[in-house]
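The values are calculated or read from the model by the stated rules, or taken from the named source; none is laboratory data. Remember, predicted model here, so these are calculated numbers, not experimental data. Positions of Cβ are backbone-derived with ideal geometry, glycine not excepted, and every protein chain shown enters the neighbour counts. What goes into the accessible areas is simple: the full protein's heavy atoms, side chains included, and nothing from ligands, DNA or RNA. Shrake-Rupley method; radii C 1.70, N 1.55, O 1.52, S 1.80 Å.
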Amino acid sequence: MRTNPMVACAAQLWQTRIMQSSLVAVLLLAGGLGLAGSLATVHAAEPELPEVRREFRAAWVATVANIDWPSKPGLPVAEQQAEFLAILESCEELNLNAIVLQVRPAADALYQSELEPWSRYLTGEMGKAPEPFYDPLEFAVEESHKRGIELHAWFNPYRALDPADAPVSDNHISKTHPEFVRRYGRFLWLDPGEPAATEHTLAVIMDVVKRYDIDGVHMDDYFYPYPIRDDEGNVVPFPDDASWEKAVAQGTQLSRDDWRRENVNRLVQRIHEEVRATKPWVKFGISPFGIWRPGNPPQVQGFDQYASIYADARLWFASGWVDYFTPQLYWKLGPPQQSYTALLHWWSEQNEQDRHLWPGNYTSRLLNVRQTGWSSDEIVAQIWATRALEGASGNVHFSMKALQRNAEGVAGALAAGPYREPALIPASPWMQAPHGAPVKPQAAVHKSGGRWELTLSHADGAAPWLWVIRTRYGEHWNVEIVSGTVQRHPLPPHPGNDSQLESPAAVAVSAVNRIGQESDVVRAEAE
């Protein structure tokens, strides 16, 4: 593949940062594992332990319109599950460490819910449960966690119905509470100005937080709907006269636009507060439109989300109401009117509370290059550009389909380049892990069936979220990140010896908790 000069430049910047970072000192297991099983003393000349990269690597898995999963509505359960497992296999091949799964496309559910009906994107009919029964979100969480992959549940807060969803089930919000549902264009929307609508959305989100072992709550860029125009080209106002008049009667002093923004602000702040109070290790993230307002930074032009969909995304980020922020930077690096790099720098400057900045990338533009003119070089260059900016520590790809199809060779380019080695998700020290700081693991190396195997356990008996396993042969280190539920793990073979007869020169293990904190590293004792 032809190398983009911007890729090479950003790669050099990133490698310079790594060389300047301090390495962790550790006791290493040296020699002697094969015949005597003894532990050699570590000397100053011993190769230093490699630092494990910290980077959020995720993809959106969209269920609306069956974009990513399931591939079509009404698939047999076994095929649905097989498709999802194939997604996770692709994540493993690419060293992704998270997926963002859409569980509420439009006031419906891809999980068992007493608040909203089953989605037609799953079973082909709104309100119909899978047969034979299974809970897709429970399945997705369990299978993701087996692989050490985080699962973030993605909710659309206000979109209520696409006419294509007909017939509509009796327990859909448009039938149970039509008083706070509005038609705007061809879609139905919950009215953000109706407090009952906000309470319903919040109840749906917190129901999932309480019942499922998710790692994050995620919202996209749909707040008030994107404006539509009439036949004369005029913007059609959102039909919220009733809720606005009610607010005026109750004494609001805000302008109508500010009142609309405050409706959305209130929901965002409450989600942040209630998720933190319920499960303080579950992240809350938002992926707004990539431009806050035209002119920010000065050369940027384009859609004004602040004025048009009443999303004050800068306020949410600057106030620390999110644990991670994923602005949809769906443009190329260079063009000044919408520059990926310029916008990324600007958003980084708004990060007053030092939260995670993990921009979104429009990788699916590679599915139609004749129209978009994009190449995989552009996506790879954006990853390097993100790494080169202090304060940005990951990316989210829209969407999984482009990666699974290896559109324009992008998956191969990522796997051979920036995603070649595994990575830990950056730690979130402002959050609280369920069992506190990670405890030093207990580890032993032994021969089993002609191969070297690692036995793992935890001093307090509780499984960590992840194990980080570093194995050295000669001067070469291999890093693996595996689920904390793993108790026995085969060590990788010597790079030049697949028979696995040669003992590793060093094995070191650490534990990682749910908010990304890593324990002390310990040497694996020989049994």
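Select from the range 82-119 the residues that are acidic (D, E) and open to solvent by 20 Å² or more (accessible area, probe 1.4 Å) and write down the one among them that is farthest from T198 (Cα to Cα). I'd like the intermediate steps shown before the answer.
Here is the first cut: in the range 82-119, the residues acidic (D, E) are 83, 89, 92-93, 108, 114, 116.
With the extra rule that they be open to solvent by 20 Å² or more (accessible area, probe 1.4 Å), the set shrinks to 83, 89, 92-93, 114.
Details: E83: 34, E89: 37, E92: 37, E93: 40, E114: 17 Å.
So, considering only residues that are acidic (D, E) and open to solvent by 20 Å² or more (accessible area, probe 1.4 Å), the one farthest from T198 (Cα to Cα) is E93.
Could you identify the single residue in E232, E194, E245 that is at pLDDT 95 or above, of a type in the set (D, E) and closer than 19 Å to N156 by Cβ?
Just one listed residue meets the conditions, E194.
Taking the range 71-92 as the search range and keeping residues that are free of Cβ contacts under 8 Å to residues at least 12 places away in the same chain and either of a type in the set (S, T, Y) or not in a helix (DSSP H, G or I) (or both), which one is farthest from Y134 (Cα to Cα)? Show your work before the answer.
Here is the first cut: in the range 71-92, the residues free of Cβ contacts under 8 Å to residues at least 12 places away in the same chain are 72, 75-76, 78-79, 82, 89.
Narrowing the set further to residues that are either of a type in the set (S, T, Y) or not in a helix (DSSP H, G or I) (or both) leaves 72, 75-76.
Numbers: K72: 17, L75: 13, P76: 11 Å.
My answer is K72.
Hey, any hits in the range 359-372 for a residue that's at positive phi, open to solvent by less than 10 Å² (accessible area, probe 1.4 Å) and not polar (S, T, N, Q)?
Within the range 359-372, none of the residues are at positive phi, open to solvent by less than 10 Å² (accessible area, probe 1.4 Å) and not polar (S, T, N, Q).
Check the range 259-276 and report whether any residue there is under 19 Å from A153 (Cα atoms), assigned to a helix (DSSP H, G or I), touching a strand residue (DSSP E or B) at 6+ places or on another chain (Cβ under 8 Å) and of a type outside the set (A, V, I, L, M, F, W, C).
yes
May I ask you to list the residues in the range 258-276 that are surrounded by 16 or more Cβ atoms within 10 Å (Cβ to Cβ) and either closer than 14 Å to D207 by Cα or among the basic types (K, R) (or both)?
Residues satisfying the conditions are R260, R261, R270, I271, E274, V275, R276.
Select from the range 371-405 the residues that are among the acidic types (D, E) and part of a loop (DSSP other than H, G, I, E, B) and list them in ascending order.
E390
Considering each of G450, G417 in turn, give the residue that is at positive phi and in contact (Cβ under 8 Å) with a residue 24 or more places away in the chain.
Exactly one of G450, G417 is at positive phi and in contact (Cβ under 8 Å) with a residue 24 or more places away in the chain, namely G450.
Within the range 277-318, track down each residue that is assigned to a helix (DSSP H, G or I), open to solvent by less than 40 Å² (accessible area, probe 1.4 Å) and closer than 28 Å to I149 by Cβ.
A313, W316, F317
I need the full set of residues from the range 87-146 which are more than 22 Å from the chain's Cα centre (by Cα) and β-branched (V, I, T), in order please.
T123, the sole residue that qualifies.
Could you tell me how many of the residues in the range 406-416 are open to solvent by 10 Å² or more (accessible area, probe 1.4 Å) and either of a type in the set (D, E) or within 20 Å of the chain's Cα centre (by Cα) (or both)?
4
In the range 67-81, which residues are polar (S, T, N, Q) and buried (at least 18 other Cβ atoms within 10 Å of the Cβ)? Outline the logic, then answer.
First, the residues of the range 67-81 that are polar (S, T, N, Q): 71, 80-81.
Passing the criteria: Q80, Q81.
Quick check on this structure: which one of A65, A86, A78, A106 is over 30 Å from Q517 (Cβ atoms), touching a strand residue (DSSP E or B) at 6+ places or on another chain (Cβ under 7 Å), of a type outside the set (S, T, N, Q) and at pLDDT 95 or above?
The match here is A106.
What is the number of the single condition among (1) more than 29 Å from R514 (Cβ to Cβ); (2) of a type in the set (G, A, S); (3) within 15 Å of the chain's Cα centre (by Cα) that S428 does not meet?
That leaves (1) as the condition not met.
Being open to solvent by 40 Å² or more (accessible area, probe 1.4 Å) and more than 23 Å from the chain's Cα centre (by Cα) narrows it down to one of S243, S255, so name that one.
S255
From the list Q338, Q371, which residue is farther than 30 Å from A511 by Cα, in contact with a Lys or Arg (Cβ under 9 Å, 6 or more places away or on another chain) and at pLDDT 95 or above?
Result: Q338 is the single residue among Q338, Q371 that is farther than 30 Å from A511 by Cα, in contact with a Lys or Arg (Cβ under 9 Å, 6 or more places away or on another chain) and at pLDDT 95 or above.
Consider S510 against the criteria (1) among the polar types (S, T, N, Q); (2) outside any loop (DSSP other than H, G, I, E, B); (3) open to solvent by 30 Å² or more (accessible area, probe 1.4 Å): it satisfies all of them except one. Which criterion is unmet?
(3)
Looking at the range 185-242, which of its residues are under 26 Å from W292 (Cα atoms), in contact with a strand residue (DSSP E or B) (Cβ under 7 Å, 6 or more places away or on another chain), hydrophobic (A, V, I, L, M, F, W, C) and not in a loop (DSSP other than H, G, I, E, B)?
F187, L188, W189, L190, A197, I205, V217, M219, V235
Based on what the data block shows, is R355 open to solvent by 30 Å² or more (accessible area, probe 1.4 Å) and at pLDDT 95 or above?
yes
Please name all residue pairs, on different chains or six or more residues apart, with Cβ atoms under 6 Å, provided the first residue is in the range 457-486 and is acidic (D, E) and the second residue is in a strand (DSSP E or B).
Listed by first residue and then by second, the contacts come to E480/I469.
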